[in-house]
Amino acid sequence: MPTVPVLDTAFFRHWLELAADTVRRESARLTELDSPIGDADHGTNMDRGFTAARLAVLQDPPQSPGGLLVAVGRTLISSVGGASGPLYGTALRRAGLTLGDAPEATPPELGEALAAAVAAVRELGGAEPGDKTMVDALLPASQAYTGALADGLGVAAALDAAAGAALAGAEATVPLLARKGRASYLGERSIGHQDPGATSAALLVGCLRDAAEARPGADGPGADGQHADGPGADGPEERR
Ligand code: ADP
Ligand code: MG
């Protein structure tokens, strides 16, 4: 019988772990993308923000998915100087507020949270789709997720669709002319480069997909914060 991922606090904590690891691993590439059309700091910004968020959540573990996303958002806003910090921070904060303090989110509620995150970025940054920003990955991801649920797919398949749409959206920023953020200062010269923020957005959505695939129904490493014996042979993947 297929297990269905539970969108509880442990799921989102696992997402945060994956996101922090992924952003660190991809930091050099994100900064490289931010070199020709920005100021070569996007990888550093994302790494600093997610490292701080991981620490904040470890030090003061939130008790709900909404609480966790609000804490991550708040930390990104306070720890990242670049435009991406307030944008991602506000997006995650808004997503968390949408989820409230329920112990777990339903799949449609995750869809509402994703939509709220995209709306927050658009409100704060004023970017339209096609302006060569993170919106070009986040909006198709949100739409693909909601569309997949409407088609009767489960949450893991819907997140897979979202991750694919985000990646395609990020790649489709290459020929676009930047109309927001630093890249817009370059005008026509912004054409031909992939947007760093759209690229990191695709990574973050990909981590949601990976969190759903890797840990069906599991309750996360150190869910009670008290695993004295550390990661062992009977790792959390084996638990149900
Ligand atoms: P900064 O541009 O301040 O150096 P980062 O390099 O961390 O910040 O992030 C740059 C990314 O932020 C861009 O690639 C773009 O995706 C995103 N971005 C910048 N301005 C906006 C905006 N107004 N709306 C949406 N996304 C934006
Ligand atoms: Mg930058």
_Criterion violated by Ala178 - all others in (1) in a loop (DSSP other than H, G, I, E, B); (2) touching an Asp or Glu at 6+ places or on another chain (Cβ under 8 Å); (3) more than 23 Å from Thr31 (Cβ to Cβ); (4) among the hydrophobic types (A, V, I, L, M, F, W, C) satisfied_ = (3)
*Name the single residue, out of those in region 18-74 being in a loop (DSSP other than H, G, I, E, B), more than 30 Å from Ile191 (Cβ to Cβ) and open to solvent by 30 Å² or more (accessible area, probe 1.4 Å), that is nearest to ligand 1 (Cβ to nearest atom).*
Asp60
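Within region 23-30, can one find any residue that is within 16 Å of ligand 2 (Cβ to nearest atom) and without any contact (Cβ under 8 Å) to a residue 24 or more places away in the chain?
Filtering region 23-30 down to residues within 16 Å of ligand 2 (Cβ to nearest atom) leaves 23, 26-30.
Within this subset, residues satisfying the condition of being without any contact (Cβ under 8 Å) to a residue 24 or more places away in the chain are 27-28.
Yes, region 23-30 contains a residue that is within 16 Å of ligand 2 (Cβ to nearest atom) and without any contact (Cβ under 8 Å) to a residue 24 or more places away in the chain.
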*Every residue from region 86-126 that is farther than 18 Å from Ala202 by Cβ, in contact (Cβ under 8 Å) with a residue 40 or more places away in the chain and within 13 Å of ligand 1 (Cβ to nearest atom)*: Gly89, Gly126
*Can you find a residue in region 52-72 that is at negative phi, touching a residue at least 60 places away in the same chain (Cβ under 8 Å) and within 13 Å of the chain's Cα centre (by Cα)?*
no
*Tell me, yes or no, whether region 81-93 has at least one residue that is away from ligand 2 (no atom under 16 Å from the Cβ), crowded, with 23+ Cβ neighbours inside 10 Å and aliphatic (A, V, I, L, M).*
yes
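State yes or no: is Ala168 assigned to a helix (DSSP H, G or I), modelled with pLDDT of 95 or more and open to solvent by 50 Å² or more (accessible area, probe 1.4 Å)?
Working: assigned to a helix (DSSP H, G or I): yes; modelled with pLDDT of 95 or more: yes; open to solvent by 50 Å² or more (accessible area, probe 1.4 Å): yes.
Taking the combined requirement at face value, the residue satisfies it.
For every residue, the table says whether it meets (1) crowded, with 18+ Cβ neighbours inside 10 Å; (2) among the aromatic types (Phe, Trp, Tyr); (3) not in a loop (DSSP other than H, G, I, E, B).
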| position | (1), (2), (3) |
| --- | --- |
| Arg122 | yes, no, yes |
| Pro129 | no, no, no |
| Asp136 | yes, no, yes |
| Ala161 | yes, no, yes |
| Val174 | no, no, no |
| Ala183 | yes, no, yes |
| Gly187 | no, no, yes |
| Ala201 | yes, no, yes |
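Quick check on region 94-103. Is at least one of its residues open to solvent by less than 60 Å² (accessible area, probe 1.4 Å), out of contact with any strand residue (DSSP E or B) (no Cβ under 7 Å at 6 or more places or on another chain) and in a helix (DSSP H, G or I)? So that I can check it myself, show each step before the final result.
Step one: filter region 94-103 for residues open to solvent by less than 60 Å² (accessible area, probe 1.4 Å), giving 95-96, 99-100, 102.
Subset that is out of contact with any strand residue (DSSP E or B) (no Cβ under 7 Å at 6 or more places or on another chain): 95-96, 100, 102.
Pick out the ones that are also in a helix (DSSP H, G or I) and you get 95-96.
Within region 94-103 (the criterion being open to solvent by less than 60 Å² (accessible area, probe 1.4 Å), out of contact with any strand residue (DSSP E or B) (no Cβ under 7 Å at 6 or more places or on another chain) and in a helix (DSSP H, G or I)), the answer is yes, since at least one residue qualifies.
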_Whether any residue in region 203-216 is of a type in the set (Val, Ile, Thr), touching a helix residue (DSSP H, G or I) at 6+ places or on another chain (Cβ under 7 Å) and either modelled with pLDDT of 95 or more or outside any helix (DSSP H, G or I) (or both) is what I want to check._
yes
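The values are calculated or read from the model by the stated rules, or taken from the named source; none is laboratory data. Quantities reported herein were computed from a predicted structural model and do not represent experimental measurements. Glycine gets a Cβ as well: all are built from the backbone with ideal geometry, and neighbour counts include every protein chain shown. Accessible surface areas use protein heavy atoms only, side chains included; no ligands, DNA or RNA. Shrake-Rupley method; radii C 1.70, N 1.55, O 1.52, S 1.80 Å.
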